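Taking it in order: structure first as structure tokens, then the write-up.
Here, each number is a calculation from the coordinates, and none is a lab measurement. Please read all numbers here as calculations on a predicted model, not as lab measurements. Methodologically, a virtual Cβ is constructed for each residue, glycine included, from the backbone with ideal geometry; neighbour enumeration extends over all protein chains shown.
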Amino acid sequence: MRLDALRGRLIVSVQAPAGSALDDPHAIAAMARAAQDGGACAVRIQGVANLRAVRARVGVPVIGLIKCAYEGYAPYITPTLDEVRAVIESGAEIVAFDATGRARPRGASVAEIVDAILAEGRIPMADCATAEDAVCARAAGAEILATTLCGYTEETKGISLPALAMVRELAELDAFTICEGGVASPQDCLAARDAGADAVVVGTALTGIESRVRDFTGPLEKVDSPKD
């Protein structure tokens, strides 16, 4: 696939928390198809069952990842070569992975993960927390650099999202730059584009139904009950 097809457009992350009523491949696939029908140029999907269900229902490119926690290690987004292979076998054109400098399980380096993805003709998407992560991932051959993990690591906690300053740094690295994380409105999308993002990922603001419902119910629950 050509990354130019994603340039200047919206990618929708269709995921659901474990235990959610939407944590079901049929529901995820339906939302992914709805995102495509609404104009999304690609979807970002987690988990083998979800990836296979989505691949069967959408024609747009799929960014695949597997969240897998390993005791004693912080990286959990496609952290080892096992998860890389599983994502590829599920039909995703793009493989997203944790590209931070943190120790990862089974000793797989960022360079080894990138090489494994490229060897199968897929596109590596480096989920970064800092510009330094992105520099290393780009040197390893990652074609997509994303701000996904900025604000979610010990080093970057408290950074205001979306990480527009980081977008500006990544845009200087001669790679396809994606702004992901904390994009909550159309205005955020435009700000990310103006900062140099080639594409923007929106997740919770579009598909996080539980979170969005709480945004509405919260204020109502704070209102005092009518007095007798």
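Would you pick out the residues in region 109-157 that are among the small types (Gly, Ala, Ser) and farther than 23 Å from Glu172 by Cβ? Full working, then the answer.
Of the residues in region 109-157, the ones among the small types (Gly, Ala, Ser) are 109, 111, 116, 119, 121, 126, 129, 131, 134, 137, 139-142, 146, 151.
Of everything in region 109-157, those that are among the small types (Gly, Ala, Ser) and farther than 23 Å from Glu172 by Cβ turn out to be Ser109, Ala116, Ala119, Gly121.
Inside region 114-132, can you point out the residues that are under 17 Å from the mean Cα position of the chain (by Cα) and not charged (D, E, K, R)?
Correct list: Val114, Ile117, Ile123, Pro124, Met125, Ala126, Cys128, Ala129, Thr130, Ala131.
Quick grid of which residues meet (1) assigned to a loop (DSSP other than H, G, I, E, B); (2) touching a Pro at 6+ places or on another chain (Cβ under 7 Å):
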{"residue": "Ala27", "(1), (2)": "no, no"}
{"residue": "Ala32", "(1), (2)": "no, no"}
{"residue": "Ala35", "(1), (2)": "no, no"}
{"residue": "Ala40", "(1), (2)": "yes, no"}
{"residue": "Val43", "(1), (2)": "no, no"}
{"residue": "Asn50", "(1), (2)": "no, yes"}
{"residue": "Ala53", "(1), (2)": "no, yes"}
{"residue": "Arg57", "(1), (2)": "yes, no"}
{"residue": "Ile63", "(1), (2)": "no, no"}
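Looking only at region 9-24, which residues are surrounded by fewer than 14 Cβ atoms within 10 Å (Cβ to Cβ) and touching a helix residue (DSSP H, G or I) at 6+ places or on another chain (Cβ under 8 Å)?
Answer for region 9-24, where residues must be surrounded by fewer than 14 Cβ atoms within 10 Å (Cβ to Cβ) and touching a helix residue (DSSP H, G or I) at 6+ places or on another chain (Cβ under 8 Å): Pro17, Ser20, Ala21.
Would you please name the residue that is surrounded by the most Cβ atoms within 10 Å (Cβ to Cβ), looking only at residues in region 40-57 that are of a type in the set (D, E, K, R) and over 20 Å from Thr148 (Cα atoms)?
Arg55
Looking at this structure, is Leu10 part of a helix (DSSP H, G or I) and either within 17 Å of the chain's Cα centre (by Cα) or of a type in the set (Lys, Arg) (or both)?
Values: part of a helix (DSSP H, G or I): no; either within 17 Å of the chain's Cα centre (by Cα) or of a type in the set (Lys, Arg) (or both): yes.
Considered against the rule, which asks whether it is part of a helix (DSSP H, G or I) and either within 17 Å of the chain's Cα centre (by Cα) or of a type in the set (Lys, Arg) (or both), Leu10 comes out as no.
Please determine, by comparing only the residues of region 104-138 that are within 19 Å of Leu3 (Cα to Cα) and without any contact (Cβ under 8 Å) to a residue 24 or more places away in the chain, which one is surrounded by the most Cβ atoms within 10 Å (Cβ to Cβ).
Only one residue fits best here, namely Leu118.
Residue check, Gly181 against (1) out of contact with any helix residue (DSSP H, G or I) (no Cβ under 8 Å at 6 or more places or on another chain); (2) crowded, with 21+ Cβ neighbours inside 10 Å; (3) over 21 Å from Ser20 (Cα atoms), all met but one. Which one?
Failing condition for Gly181: (3).
May I ask you to say which residue of Asp82, Asp37, Asp98 is buried (at least 23 other Cβ atoms within 10 Å of the Cβ) and acidic (Asp, Glu)?
Just a single option satisfies the conditions, and that option is Asp98.
What number goes with the only condition from (1) assigned to a strand (DSSP E or B); (2) more than 21 Å from Thr177 (Cα to Cα); (3) not basic (Lys, Arg) that Ala103 does not pass?
Condition (1) is where Ala103 drops out.
Consider Thr148 carefully, then state whether it is within 20 Å of Gln46 (Cα to Cα), among the polar types (S, T, N, Q) and surrounded by fewer than 24 Cβ atoms within 10 Å (Cβ to Cβ).
No.
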